[in-house]
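Asks: The structure that follows is given in the form of structure tokens.
Just so it is clear, none of the values below were taken in a lab; they were calculated from the coordinates. From a predicted model like this one, the values you see are computed outputs, not experimental measurements. Every residue, glycine as well, gets a Cβ built from its backbone with ideal geometry; the counts of neighbours run over all protein chains shown.
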Amino acid sequence: MYKLVMVDLDGTMLTRRGIVTEGTKNAIGKTIEKGTDVIIASGRPIDSIKTIAKEIGSKNYFIAGNGALIYDIKKEKIIYEKILDKKKVLEIAKICEKNNIVYNIYTEETIITEKLKYNVLYYYKENLNKKEELKTSITVVKNIKEYVENSENEKFLKITICDESKTIFNSIIKKINEIPNVKAMDVYHATRKTIRQGTEDVNIEYYYTEISLKDVDKWDAIKFLINKLGIEKEDVIAIGDNINDKEMIENAGLGIAMGQSMPEIKEIADYVTDDNENEGVKKALERYLLQ
């Protein structure tokens, strides 16, 4: 019997419109009732994950910022963190601004941005269909660099950069990877998301990556958590779809890839479930835990 299910959000538990289906919620509820905990492992900030954790009935922990921190829901505090310092954030921001590329900074509580574009536009549109207490916090500022310079006690989890030009995007990645102790997630394919404009669904496409400390990933955070819980990696199921889920899918007792995952992720998975539009998480839980 598996004791823990680690599940990604975007492209995994959530549909392309950012919702958890009733079928998936029911499957997660039954899994928890049977004694297997379900824990979110996402790149999102704390407040965004906290609301979804509440929605699905996950009451113990979650991982935010792609493994930059672990949050104890019951004690309402961070119990593990590997965050970017202000100096590194400003160094990356300087490169992005010099090359006129869109970037956003994720803190433990909010997404700092100068414009509603690309991934932040997706979260903004997602918020329009949510109650106030369930919305992802977005802080729009005039100048991100100035905001960071004047900030105090902020925890910087990661930086995301986006651009429609593959040439510009790859050039920035190269420069950022030259910064010591920092890594850019190896995603060079175009990201596709669907947003609602009036009565129509509109696809947005852009190149995207996430920048964090070199030793930050979801699996490192999971290792800390399973050690704390006194269980083994063989007791863990990990479900995800993207390159930031690679380590946890590869190392968990059972690694499950979503149906729409890139080939690299499918190849390392023990099982490939349906896609996120067709309740792939629900079907995986039914196959391995709810029979």
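Asks: Please label the shape of the range 59-155 as rounded, prolate or oblate, based on the square roots a ≥ b ≥ c of the eigenvalues of the alpha-carbon gyration tensor (a/c under 1.5 means rounded; beyond that, a/b larger than b/c means prolate, else oblate). If you can, show how the numbers build up before the last one.
Replies: Details: a/c = 2.21, a/b = 1.24, b/c = 1.78.
It comes out oblate by the Cα gyration axes.
Asks: Based on Cβ point charges of +1 for Lys and Arg and -1 for Asp and Glu, what charge dipole magnitude is obtained for the chain about its Cα centre, in debye rounded to the nearest 20? It would help to have the intermediate numbers written out before the result.
Replies: Working: 46 positive and 49 negative charges, 96 e Å.
So the dipole magnitude of the chain works out to roughly 460 debye.
Asks: While we're here: Please order T21, T31 by the number of other Cβ within 10 Å, starting at the fewest.
Replies: Details: T21 17, T31 24.
Ranked by crowding around the Cβ, least crowded first: T21, T31.
Asks: Under the 0.36 nm per residue contour assumption, what length would be gained going from the current alpha-carbon distance of E264 and N170 to full extension? All intermediate terms of the calculation are to be shown ahead of the outcome.
Replies: Values: separation 94, 0.36 × 94 = 33.84 nm, distance 1.96 nm.
Result for the pair: 31.9 nm of gain on full extension.
Asks: Could I have the simple spin-label model distance between M1 and E109, label points 7 Å from Cα toward Cβ, reported in nm to one decimal?
Replies: Computed distance between label sites M1 and E109 equals 4.0 nm.
Asks: Would you mind checking the pairs K88/K266; K125/K145; K25/K135; K77/K214 and listing those with alpha carbons more than 30 angstrom apart? Write down the numbers at each step before the final one.
Replies: Working: K88/K266 34 Å; K125/K145 25 Å; K25/K135 18 Å; K77/K214 24 Å.
Checking Cα-Cα distances, K88/K266 exceed 30 Å.
Asks: Report, to the nearest 10°, how far helix 46-56 tilts away from the longest principal axis of the Cα atoms in the chain, using its own Cα long axis and a range of 0 to 90°.
Replies: 20
Asks: Give a residue-ordered list of calculated ³J(HN,Hα) values for the range 113-130 (Karplus: 6.51 cos²θ - 1.76 cosθ + 1.60, θ = phi - 60°; whole Hz; x for Gly, Pro).
Replies: Values per residue, Gly and Pro as x: 8, 9, 8, 7, 8, 6, 5, 6, 4, 4, 5, 4, 5, 4, 4, 4, 9, 10 Hz.
Asks: Just subtract the alpha-carbon distance of E234 and K131 from 0.36 nm times their residue separation and send over the number in nm, one decimal.
Replies: Working: separation 103, 0.36 × 103 = 37.08 nm, distance 3.81 nm.
Full-extension gain reported as 33.3 nm.
Asks: Expressed in nm to one decimal, what extension gain is obtained for the pair N26 and N143 from 0.36 nm per residue of sequence separation less their Cα-Cα distance? Intermediate results must be reported in sequence, preceding the final value.
Replies: Numbers: separation 117, 0.36 × 117 = 42.12 nm, distance 4.32 nm.
Taking 0.36 nm per residue and subtracting the Cα distance, the gain is 37.8 nm.
Asks: So, one more: Read phi for every residue in the range 259-272 and hand back ³J(HN,Hα) as whole Hz from Karplus 6.51 cos²θ - 1.76 cosθ + 1.60, θ = phi - 60°, with x for Gly and Pro.
Replies: Per-residue couplings from phi come out as x, 9, 4, 5, x, 4, 6, 4, 5, 8, 6, 7, 8, 10 Hz.
Asks: Okay, moving on. How many nm is it between the label spots at F224 and K74, if each spot is 7 Å from the Cα in line with the beta carbon?
Replies: Distance between the two pseudo-spin positions: 1.9 nm.
Asks: Rounded, prolate or oblate: which fits the range 86-213 when a ≥ b ≥ c are the square roots of the eigenvalues of the alpha-carbon gyration tensor, with rounded for a/c under 1.5 and prolate only if a/b beats b/c?
Replies: oblate
Asks: Out of L229, L116, L157, any idea which swings most in a Gaussian network model of the chain, alpha carbons joined below 10 Å?
Replies: Top of the fluctuation ranking is L229.
Asks: Separate question: Considering the chain as a Gaussian network with a 10 Å cut-off on Cα pairs, which listed residue, N150, N99, N242, attains the greatest mean-square fluctuation?
Replies: N150
Asks: Could you give each residue of the range 92-107 its phi-based ³J(HN,Hα) in whole Hz, using Karplus coefficients 6.51, -1.76, 1.60 with θ = phi - 60°, and x for Gly or Pro?
Replies: Once θ is set to phi - 60°, the couplings for the range 92-107 become 5, 4, 4, 4, 4, 5, 4, 9, 6, 10, 6, 9, 9, 10, 9, 9 Hz.
Asks: Something else about it: For the chain, with a Gaussian network of springs between Cα atoms less than 10 Å apart, report the residue from S212, S48, S171 with the top mean-square fluctuation.
Replies: Top of the fluctuation ranking is S171.
Asks: While we're on this one: Only Cα pairs under 8 Å and at least 6 apart count here; give the relative contact order of the chain as a rounded whole percent.
Replies: Relative contact order, the chain: 21 percent.
Asks: Moving to a separate point now. Find the centroid of the Cα atoms in the range 230-291 and in the range 58-128, then give the distance between the two in whole Å.
Replies: 24
Asks: Something else now. Quote the relative contact order of the range 29-135 in percent (integer), defining contacts as alpha-carbon pairs under 8 Å separated by 6+ residues. The partial results should precede the final answer.
Replies: Details: 127 pairs, mean separation 23.2, N = 107.
Over the range 29-135, the number comes to 22 percent.
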